[in-house]
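Before any comments, here is the structure.
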Amino acid sequence: MSEIVDLKALEILDSRGNPTVAVEAHLASGARGWAAVPSGASTGTREAVELRDGDARYGGKGVRRAVAHVEGEILAAVRGMEAAEQEALDRRLIELDGTPNKARLGANAILGVSLAVARAAAAEAGEPLYRRLGGGAEAFTMPVPMMNVLNGGAHADNSVDVQEFMILPTGAPDMAEAIRYGAEIFHALKAVLRGRGLATGVGDEGGFAPDLPSNEAALEVLMEAIGRAGFTAGRDIHLGLDVAASELREGGRYRLASEGRELDAGGMIDLLAAWVERYPIVTIEDGLAEDDWAGWQELTRRLGGRVQLVGDDVFVTNPAILRRGIDEGVANAILIKLNQIGTLTETLEAIRLATEAGYASIVSHRSGETEDTTIADLAVGSAATQIKTGSLCRTDRVAKYNRLLAIARELGDAGRYPGLAAFPRAEG
Ligand SMILES: C=C(OP(=O)(O)O)C(=O)O
Ligand SMILES: [Mg+2]
C-alpha cells in the first residue's frame with residue numbers, strides 16, 4: 001500500500017500524429033505507473049469528452065489544458081490518496097470534474113490518471129496489471145483477437161463503406177497460434193491484393209485499404225487470403241465486421257456509397273442477414289446507427305440468436321446506457337473502450353453488467369493509439385472474452401499482440417484460449 005505523491009503529464013503523439021495525454025503517477029514508495037490515452041475517429045455522440053485546446057497549435061487538437069489539469073487541479077485533489085483503492089480514486093475524479101461526461105477536466109486527463117495510478121499500484125504490489133483486475137482469480141481466459149486486416153469507412157480513404165473487416169482465429173489452440181494464424185493471413189492478403197493490381201497501403205488500424213467495387217468484394221478477398229494461407233474459413237478462422245453504421249447514416253437512411261445504394265434499417269438488416277448466410281461471420285458491430293434504437297431492436301430479434309451483435313457507438317461503454325439496452329433487447333455484446341467512459345472503475349462496471357446479462361464484452365483499442373498496452377491486460381484480467389486491436393503490421397497495434405504473447409507465456413495452462421466458445425451464438 002502506498003499513496004500518490006505526484007502526477008506528471010505530457011502532451012505526446014498518437015498513431016495518427018495527433019496530440020494525446022500521457023500520465024506518470026508517482027507513489028510514496030517510489031513505485032511509478034505510466035499510461036497514455038487513445039483517441040477515436042468514428043466516435044459515438046455520447047462518449048466522454050476529450051478536452052482539446054482549440055487554439056492554433058496542432059490545428060486546435062492540442063491537449064495542453066488537459067495536461068495542466070492533471071498536474072494542477074487533479075493532483076491537488078488526489079495527492080495522499082491510496083493508489084490501491086482504485087474505486088475511491090475514480091469516484092473522486094468523477095466528482096471533481098462535476099459534469100456527466102467529464103467535459104470540464106477532460107476524459108483524456110481523467111483516464112490518464114486513472115490508468116497511471118492503476119499501473120503504479122500494480123508495480124507497487126509487484127504484480128502484472130491483469131492479475132489485479134480479476135478479483136484474485138487464478139485462472140484466466142485469453143481473449144480471441146478480432147484482427148482488422150481490411151480497413152474502410154472513416155479509417156481509410158478508399159471506396160469501402162464497412163469500416164472493419166476482421167479475421168478471428170477461432171480454431172487456434174492457443175494465443176500464440178492465434179496470432180500466427182492472423183499474421184500469416186495478413187501476408188497472404190497482401191499477396192492476393194497485389195496479384196489483382198490493388199493497393200496495399202494501409203488504413204489507420206494497419207489493415208489494407210484497397211479500392212473495391214463493393215463490401216462483398218472485401219469479404220471475397222478475405223476468403224481467398226484465408227485459403228491461400230492454408231487455413232479453412234469456418235473452422236480455423238471466422239469473420240467479423242464493424243459496419244460503424246452511424247457514419248453511413250444520412251437523413252434517416254444508410255448510404256452505401258461504394259455500391260451506389262441507400263437502405264432503410266430493414267434493408268440493412270436484410271443485407272447483414274445475407275452476408276451471415278454466405279460467409280462465416282460470427283460477429284457484427286454497429287450494424288445500425290447509434291440513434292436507430294428501434295432498428296437495433298429489430299436487428300437483435302432477427303439475428304441475435306445466431307450471431308454476436310456488438311454495440312459500440314450505441315452503448316459507448318456507459319453502464320447506464322448499456323442497462324437500457326439490456327432491458328430493451330438491444331444487441332447481445334458490448335465493445336469496451338476505456339476512453340469512451342473515462343475511468344477504469346466505470347469500464348469494469350460496464351463489463352460486470354454485461355456479463356451478468358449474458359452479453360459478451362470485447363475490449364477495444366481506438367483508431368488513434370499509442371504504445372500503451374493496458375487493454376491487453378484488461379482483456380485477460382476482466383471477464384471479457386475477446387479483444388479488438390487492429391492489424392498485424394503497425395507497432396501501435398502489434399504492441400498489444402506482443403503483450404498478449406508475453407501474458408500467455410507467463411500464464412501457461414492458467415490462461416485458457418476459448419476459440420469459438422467465445423461466440424456462443426455462432427452456428428459452429
Ligand atoms: C475502434 C473503432 O474506431 P474509433 O476508435 O475510430 O471509434 C471502432 O469504431 O470500433
Ligand atoms: Mg466500432
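Things to note:
- Probe 1.4 Å, accessible area per residue of the range 140-421, Å²: 31 Å²
- Computed from the C-beta positions of Glu73 and Met1, the FRET efficiency with R₀ = 22 Å rounds to 0.30.
- Interchain or long-range residues, amide H under 5 Å from Met146's placed H: Ile387, Lys388, Thr389
- The distance between label points at Asn402 and Leu13 comes to 1.8 nm (points 7 Å beyond Cα on the Cα→Cβ vector).
- Counting every C-alpha pair in the range 1-144, the share spaced more than 23 angstrom apart comes to 37%.
- Near Gln308, the amide H atoms lying under 5 Å from its own belong to Thr283, Ile284; only residues 5 or more places off or on other chains count, and H is placed 1.01 Å from N.
- The angle between the Cα long axis of helix 344-356 and the main principal axis of the chain comes to about 50°, on a 0 to 90 degree scale.
- Solvent exposure of the range 3-126 as accessible area per residue, Å², 1.4 Å probe: 40 Å²
- The calculated FRET efficiency for the pair Arg352 and Arg194, based on their C-beta separation and a Förster distance of 45 Å, comes to about 0.50.
- If you run the Gaussian network model on the chain, springs between alpha carbon atoms under 10 Å, then out of Thr20, Thr232, Thr389 the most flexible one is Thr232.
- The trypsin sites (Lys or Arg not before Pro) of the range 102-163 that DSSP puts in a loop, and whose beta carbon has at most 15 other beta carbons within 10 Å, are Arg104.
- Centre separation in Å (Cα based) which lies between the range 1-61 and the range 386-415: 23 Å
- Cross-link partners of Lys400 among lysines, defined as those whose alpha carbon lies under 17 angstrom from its own and excluding same-chain residues fewer than eight positions apart: Lys337, Lys388.
- Estimated FRET transfer efficiency when R0 is 25 angstrom, pair Arg416-Asp327 (beta carbons, to 0.05): 0.20
- Potential lengthening between Arg235 and Arg261 on full extension [0.36 nm per residue; Cα-Cα distance subtracted]: 6.1 nm
- Share antiparallel - DSSP beta bridges, the chain, percent rounded to 5: 55 percent
- In nm, spacing of pseudo-spin labels at Arg425 and Glu250 (7 Å Cα→C-beta vector): 2.9 nm
- Working note: Debye formula, equal point scatterers on the alpha-carbon atoms of the chain, no solvent; log10 I(q)/I(0) at q = 0.07, 0.08 Å⁻¹ is -0.31, -0.41.
The values are calculated or read from the model by the stated rules, or taken from the named source; none is laboratory data. Everything numeric in this text was worked out from a predicted model, so none of it was measured. With ideal geometry, Cβ positions are generated from the backbone for all residues, glycine too; neighbour counts draw on all protein chains shown. To get the accessible areas, we keep the full protein, side chains included, count just its heavy atoms, and leave off ligands, DNA and RNA. Shrake-Rupley method; radii C 1.70, N 1.55, O 1.52, S 1.80 Å.
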